[in-house]
Amino acid sequence: MKKRTFCFLLLLASVTNVTARNDEVIALAEPQRTGGMPLFEALDNRQSLRSFSQEAISAQDLSNLLWAAFGINREDGRRTAPSARNWQHVDIYLIMKEGWFVYEPGDHALIRLGNEDLSEHAGSQAFVPTAPLNLVFVSDHERMTGISAEHKDFYSATDVGFISQNVYLFCASEGLATVVRGLIDRDKLHEVLQLRPSQQVVLGQTVGYPGE
């Protein structure tokens, strides 16, 4: 437990200021792209769990999780989950005790957007604020061109579904607990995450080591 927490704090410490608003880029560990549980065993173990340890997710588990969710798996920049017309319009925001971040798959890194603990806004269920990690899947409608608003909503839902299932299968393989959640105050999350008007909150997903 202490080792995992220490590794994660070391990861958070290795930062570089890169933008005018002093966002910090945090290089993630190289993802482990081999091994893991066989697919059919992972499918057999896939489930929604709502009891989470407060232990911080290790640096390696976090890296592997984000790569499995929507990381780059080919030289042409395409991802581990399908994306309609390759718009790649979904961003993964992370809410943790240490602050809030967005995943940058090109560099396989986190961008720190703030130091505040926004966990109270991540969902309405009692387990959400105490869990170590809440993912928020955000679709940027501006990246989806040439289609109606209705179709943008449709592709936002389908593409986030692919990503959240990748998270489920990774967690099943690695013994982590997870549950996808629709009970979120999207307007409030849009505000606290400082999203642009074109960005829409689609779903939340809680991840952590299993609780008692």
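Only one residue in Val102, Val90 is within 16 Å of the chain's Cα centre (by Cα), surrounded by fewer than 18 Cβ atoms within 10 Å (Cβ to Cβ) and among the hydrophobic types (A, V, I, L, M, F, W, C), so which one is that?
One residue alone meets the criteria, Val102.
What about Val207, is it touching a Ser or Thr at 6+ places or on another chain (Cβ under 7 Å), surrounded by 14 or more Cβ atoms within 10 Å (Cβ to Cβ) and not polar (S, T, N, Q)? Steps first, answer last, please.
Working: touching a Ser or Thr at 6+ places or on another chain (Cβ under 7 Å): yes; surrounded by 14 or more Cβ atoms within 10 Å (Cβ to Cβ): yes; not polar (S, T, N, Q): yes.
Judged against the criteria, Val207 is a match.
Taking the criterion of being over 15 Å from Ser156 (Cβ atoms) and in contact (Cβ under 8 Å) with a residue 40 or more places away in the chain, would at least one residue in the stretch 193-200 satisfy it?
So far as the stretch 193-200 goes, yes, one or more of its residues are over 15 Å from Ser156 (Cβ atoms) and in contact (Cβ under 8 Å) with a residue 40 or more places away in the chain.
Of (1) closer than 24 Å to Glu55 by Cβ; (2) of a type outside the set (Gly, Ala, Ser); (3) surrounded by fewer than 14 Cβ atoms within 10 Å (Cβ to Cβ), Gln194 satisfies all except one. Which?
Tallying (1) closer than 24 Å to Glu55 by Cβ; (2) of a type outside the set (Gly, Ala, Ser); (3) surrounded by fewer than 14 Cβ atoms within 10 Å (Cβ to Cβ), Gln194 fails exactly one: (1).
Could you please give the count of residues in the stretch 152-185 that are closer than 16 Å to Val201 by Cα and not in a loop (DSSP other than H, G, I, E, B)? Talk me through it step by step, then tell me what you get.
Pass one, the stretch 152-185, residues closer than 16 Å to Val201 by Cα: 152-164, 180-185.
Among the residues that remain, those that are also not in a loop (DSSP other than H, G, I, E, B) are: 152-164, 180-181.
The total comes to 15.
Of the conditions (1) out of contact with any Leu (no Cβ under 9 Å at 6 or more places or on another chain); (2) within 28 Å of Asn73 (Cα to Cα); (3) surrounded by fewer than 22 Cβ atoms within 10 Å (Cβ to Cβ); (4) of a type outside the set (S, T, N, Q), Ala177 clears all except one; give me its number.
Of everything listed in (1) out of contact with any Leu (no Cβ under 9 Å at 6 or more places or on another chain); (2) within 28 Å of Asn73 (Cα to Cα); (3) surrounded by fewer than 22 Cβ atoms within 10 Å (Cβ to Cβ); (4) of a type outside the set (S, T, N, Q), Ala177 misses just condition (1).
May I ask you to say which residue of Arg85, Arg50, Arg78, Arg112 is in contact (Cβ under 8 Å) with a residue 12 or more places away in the chain, surrounded by fewer than 22 Cβ atoms within 10 Å (Cβ to Cβ) and under 19 Å from Gln165 (Cα atoms)?
Arg50
Return the residues of the stretch 40-77 that are farther than 20 Å from Glu30 by Cβ, in a helix (DSSP H, G or I) and of a type outside the set (Gly, Ala, Ser); say none if nothing qualifies.
If the condition is that a residue be farther than 20 Å from Glu30 by Cβ, in a helix (DSSP H, G or I) and of a type outside the set (Gly, Ala, Ser), then Phe40, Glu41, Leu43, Asp44, Asn45 are the ones that fit.
Just to be sure before I move on: is Thr130 touching a residue at least 24 places away in the same chain (Cβ under 8 Å), in a loop (DSSP other than H, G, I, E, B), among the polar types (S, T, N, Q) and within 19 Å of Leu62 (Cα to Cα) in the structure I sent?
Working: touching a residue at least 24 places away in the same chain (Cβ under 8 Å): yes; in a loop (DSSP other than H, G, I, E, B): yes; among the polar types (S, T, N, Q): yes; within 19 Å of Leu62 (Cα to Cα): yes.
Taking the combined requirement at face value, the residue satisfies it.
Taking the residues in the stretch 124-170 that are among the acidic types (Asp, Glu) and closer than 19 Å to Ile184 by Cα as candidates, determine which candidate is surrounded by the most Cβ atoms within 10 Å (Cβ to Cβ).
Looking at the filtered set, the residue picked out is Asp159.
Does Leu43 satisfy the condition of being modelled with pLDDT under 95 and in contact with a helix residue (DSSP H, G or I) (Cβ under 8 Å, 6 or more places away or on another chain)? Before you say what the answer is, go through the steps one by one.
Working: modelled with pLDDT under 95: no; in contact with a helix residue (DSSP H, G or I) (Cβ under 8 Å, 6 or more places away or on another chain): yes.
So Leu43 does not fit the description; no.
The values are calculated or read from the model by the stated rules, or taken from the named source; none is laboratory data. This one's a predicted model, so the numbers in the text were calculated from it and none came from an experiment. Glycine gets a Cβ as well: all are built from the backbone with ideal geometry, and neighbour counts include every protein chain shown.
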